[in-house]
Amino acid sequence: MEKEEDKEKKKQQVLFVSQDYILPFRPLELNHEYSVLYTIEKGDKKETFEQNFSLRRLKPDSSQNEYHFIQIDKISELLVDGKPVDSRAYKVSEKTAELLYPLRIVVNKYGKWVDINSYHKLKERWENQKEAIKELFDGKTFEMLAQNIENAIEDDKSLVGLISGNWFLRAYFNGIHRAYTRKFERERTLYFPVAAEVEDIEFSIVQKVNPYLNDLNEIEVTQTGESESEYLDGNYTARYFLNPNNYIIKDIELECNLQMSSSRKISVSVKDLDRNEIVLDSGISLLI
């Protein structure tokens, strides 16, 4: 029977950059479409939200590697529990969200979202579309919509606060592209927006990268941790699957369990719509 150690030797090793075991963020080829599924469980109740998004790296005006500009677009309608939205509240919420897209964000060299780059464009978009949108809703509904939008785009800080609650954005641009120890892990603090009514929850996590590709030729990164809040107990787990040819994220499976007034479980599933098999590029080791 083949020994487990021999099986590991036959697997393809992950190519890190330098002796610091850096998993690099290289979004030059980022032009992908993803399906995003949120599942929220509160006690015995369960609700799902599903929508598709595209991510594309924008070419910067200057040559620098510290930051990247990424454009996010919605490319499908929102489905709630598998069905199109039909209630007034959801329609108002969806129309508010539509005005935010295409959204341009700033991402640092670790693959972590740090700012927005389209504040003035969003204000201009609202002013240009306000009258046309007004014709789609009755007076009271439009007033609610207009208040939501104008509160959101009042200033940069308000808009950043609104966008910070986007689970897809926070999960994808989480900062997993970092240096790792010789044990292929690192400890870090992570903040995640678990609910609109509370501040981001702080988690102390251990982040690990498997030094070998999995059976699908993907790099696997995992995050596991516990809540640091003195007011609620909770745990956080996430699994990332990356294309080893360009280190771009293909899939994410994230889960957060909380004990609040009642138990709450949040799941975020992100899948690259391109399901083609990964063929490894022939290359030299980057561990130099």
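The values are calculated or read from the model by the stated rules, or taken from the named source; none is laboratory data. Since this is a predicted model, take the numbers as computed values, not measurements. Cβ sites come from the backbone with ideal geometry, for glycine too, and all protein chains shown count toward neighbours. Just so you know, the surface numbers come from the protein's heavy atoms only, side chains and all, with ligands and any DNA or RNA stripped out. Shrake-Rupley method; radii C 1.70, N 1.55, O 1.52, S 1.80 Å.
With the crude spin-label approximation of a point 7 Å out along Cα→Cβ, what separation in nm comes out for residue 202 versus residue 280?
If labels sit at residue 202 and residue 280, their model points lie 4.1 nm apart.
Where does the chain land at 222 nm, in deg cm²/dmol rounded to the nearest 500, when only DSSP H runs of n ≥ 4 count, each adding -39500 (n - 2.57), divided by all residues?
Details: 6 runs with 62 residues, N = 288.
Rounded to the nearest 500, the figure is -6500 deg cm²/dmol.
What's the extension gain from residue 215 to residue 56 if we count 0.36 nm per residue and subtract their Cα-Cα distance? It would help to have the intermediate numbers written out before the result.
Numbers: separation 159, 0.36 × 159 = 57.24 nm, distance 2.76 nm.
Working it through step by step, the gained length comes to 54.5 nm.
Let me have the relative contact order for the chain, percent, based on Cα pairs under 8 Å that are six or more residues apart. Could the numbers behind the result be given before it?
Working: 555 pairs, mean separation 62.2, N = 288.
Across the chain, relative contact order equals 22 percent.
For residue 157 paired with residue 17, estimate the spin-label separation in nm (one decimal), with each label point 7 Å from Cα along the Cα-to-Cβ line.
If labels sit at residue 157 and residue 17, their model points lie 3.5 nm apart.
Simple spin-label model, 7 Å along Cα-to-Cβ: residue 150 to residue 42 in nm?
2.9
Across segment 113-130, in residue order, what do the Karplus-derived ³J(HN,Hα) couplings come to in whole Hz, using 6.51 cos²θ - 1.76 cosθ + 1.60 with θ = phi - 60° and x for Gly and Pro?
Each residue of segment 113-130 in turn: 5, 10, 6, 10, 10, 9, 4, 5, 5, 5, 4, 5, 4, 5, 5, 6, 9, 3 Hz.
With +1 on each Lys and Arg Cβ and -1 on each Asp and Glu Cβ, how big is the dipole of segment 210-261 about its Cα centre, in debye rounded to the nearest 20?
That gives a dipole near 220 debye.
Can you give the accessible area per residue of the chain, in Å², using a 1.4 Å probe? Could the numbers behind the result be given before it?
Working: 16570 Å² over 288 residues.
Accessible area per residue: 58 Å².
Relative contact order for segment 37-180: what percent, with Cα pairs under 8 Å and sequence separation of 6 or more? Display every interim value, and only then the final one.
Details: 178 pairs, mean separation 27.8, N = 144.
For segment 37-180, the relative contact order is 19 percent.
Calculate, in whole percent, how much of the Cα-Cα pair population of the chain lies beyond 33 Å. Display every interim value, and only then the final one.
Details: 11679 of 41328 pairs.
Result: 28 percent of Cα pairs exceed 33 Å.
Please give the charge dipole size of segment 150-288, origin at the Cα centre, charges +1 on K and R Cβ atoms and -1 on D and E Cβ atoms. Round to the nearest 20 debye.
Details: 14 positive and 24 negative charges, 111 e Å.
With only Lys, Arg, Asp and Glu charged at Cβ, the dipole is about 540 debye.
Calculate one ³J(HN,Hα) per residue across segment 256-264 by plugging θ = phi - 60° into the Karplus curve 6.51 cos²θ - 1.76 cosθ + 1.60, and present them in order as whole Hz with x for glycine and proline.
9, 10, 10, 10, 9, 4, 9, 5, 9
For segment 138-237, report the translational diffusion coefficient in µm²/s to the nearest whole number, using Stokes-Einstein at 10 °C, 1.306 mPa s, and a Kirkwood Rh over Cα pairs. Let's see the in-between values first.
Numbers: Rh = 16.4 Å.
Roughly 97 µm²/s, to the nearest whole number.
Please list, in order along segment 157-169, the HN-Hα scalar couplings obtained from phi with the Karplus expression 6.51 cos²θ - 1.76 cosθ + 1.60 (θ = phi - 60°), rounded to whole Hz, x for Gly and Pro.
5, 4, 5, 4, x, 5, 5, 4, x, 6, 5, 4, 4
With the Cα gyration tensor of segment 188-270 giving a ≥ b ≥ c as the square roots of its eigenvalues, does the rule (a/c under 1.5 for rounded; else a/b larger than b/c for prolate; else oblate) give rounded, prolate or oblate? Provide the component values of the computation, followed by the final result.
Working: a/c = 2.81, a/b = 2.24, b/c = 1.25.
Here segment 188-270 falls in the prolate category.
So which of 112/183; 42/121; 109/271; 123/208; 83/271; 134/265 end up more than 30 Å apart, counting from Cα to Cα?
On the way: 112/183 23 Å; 42/121 37 Å; 109/271 23 Å; 123/208 41 Å; 83/271 20 Å; 134/265 37 Å.
Beyond 30 Å between Cα atoms: 42/121; 123/208; 134/265.
Pulled fully out, how much extra length does the chain show between residue 86 and residue 182, if you take 0.36 nm times their separation in residues and subtract their Cα-Cα distance?
Numbers: separation 96, 0.36 × 96 = 34.56 nm, distance 5.25 nm.
Gain on stretching residue 86 to residue 182: 29.3 nm.
On full extension of the chain, what length is gained from residue 259 through residue 273, given 0.36 nm per residue of separation minus the C-alpha to C-alpha distance?
Contour length minus Cα-Cα distance gives 1.7 nm.
State the percentage of accessible surface on the chain attributable to carbon and sulfur atoms; use a 1.4 Å probe and exclude ligands, DNA and RNA.
Working: 7600 of 16570 Å².
About 46 percent, which is the carbon plus sulfur part of the accessible surface.
At q = 0.15, 0.19 Å⁻¹, work out log10 I(q)/I(0) for segment 93-190 with the Debye formula, treating every Cα as an identical point scatterer and leaving solvent out; two decimals please.
Each listed q corresponds, in turn, to -0.67, -0.92.
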